[in-house]
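Chemist: Please find one structure pasted underneath; my questions will follow.
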Amino acid sequence: MHSFGTFTILSLAAAATISAAPTATTAEEASNTVTLTGVTHSVIAGLGHSLFDPDNVVADIGDVVEWHFLPQNHSIAQSNFAEPCQPLSDGTSFFSGFNFVTQQNQAPDVFQIVVKDKNPIWYYCPGQIHCQEGMVGVINQQFDNPDFSLSKYKELAAETRISIVPPVQQGGDVIANPNPLGGF
Ligand SMILES: [Cu+2]
């Protein structure tokens, strides 16, 4: 697949936004492997049709990342950096499934994952050509390494032809939206 070493390195690659102030976790997410911090980072999926906002979250181990879905039909799937728009080859990608169809306002459910380490987590929306259009995001980008920036990940995503829907919904929880009237 892509060898990112062949692409031009952007010097301003880290010029991405950081997530808004975290809010307290209200969901019943539990983890057997890390101690939950009680902090939740909310991400909007679908803002401006096919974007994540914020698309760049900095989270501690034990934080929850929670996606809220706007129209019409988006989803969350994990990839690696070099191969966007497709799940991890080892089958461990988290994938929310397409459980969030909504014609207006937020979908009734949200998707949550627990951050279990400080490694970058790259993800995409596998719907239609949303990934190619830039509907991708990262948790814990390494800001001091422009070779692995979110902007470069978007470049690589734009060069893919199709998105691959992971075969199994796993790696997170679909729960009732704790803030369905939030001002997104
Ligand atoms: Cu989408």
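Chemist: Could you compute the FRET efficiency for E159 and Q103, with r as their C-beta to C-beta distance and R0 at 35 Å, rounded to 0.05?
Modeler: After rounding, the FRET efficiency stands at 0.65.
Chemist: Hey, fewest Cβ within 10 Å first, where do T35, T160, T102 land in order?
Modeler: Neighbour counts put them in this order, fewest first: T35, T102, T160.
Chemist: Sticking with this one: Over all distinct Cα pairs, what is the inverse of the mean 1/r for the range 36-138, reported as the Kirkwood hydrodynamic radius in Å?
Modeler: 13.6
Chemist: OK, next. Through the Karplus equation 6.51 cos²θ - 1.76 cosθ + 1.60, θ set to phi - 60°, convert the phi angles of the range 160-170 into ³J(HN,Hα) values in whole Hz; use x for Gly and Pro.
Modeler: Whole-Hz 3J(HN,Hα) from phi for the range 160-170: 6, 9, 9, 9, 10, 7, x, x, 10, 6, 6.
Chemist: Please give the peptides 108-116, 120-128 ranked by average Cβ packing (other Cβ atoms within 10 Å per residue), highest first, as a rough proxy for protection.
Modeler: 120-128, 108-116
Chemist: Now for a separate question. Straight-line reach from K116: which aspartates and glutamates have a Cα under 12 Å away, not including same-chain ones fewer than 8 places off?
Modeler: Output for K116: D60, D63.
Chemist: Points 7 angstrom from Cα along the Cβ direction at Q128 and N145: gap in nanometres?
Modeler: Calculated label separation equals 3.4 nm.
Chemist: A further question on this structure: Evaluate the relative contact order of the range 97-166 (contact order divided by residue number), counting alpha-carbon pairs under 8 angstrom at least 6 apart; express in whole percent.
Modeler: For the range 97-166, the relative contact order is 28 percent.
Chemist: Here is a further query. Work out how much length Q72 to V174 would gain on full extension: take 0.36 nm times their residue separation and subtract the Cα-Cα distance, in nm to one decimal.
Modeler: Length gained, Q72 through V174: 35.0 nm.
Read-outs throughout are calculated quantities, based only on the coordinates presented, and are distinct from any laboratory measurement. Small disclaimer: the values here were computed from a predicted structure and weren't measured. Note that we place each Cβ from the backbone using ideal geometry, even for glycine, and neighbour counts take in every protein chain shown.
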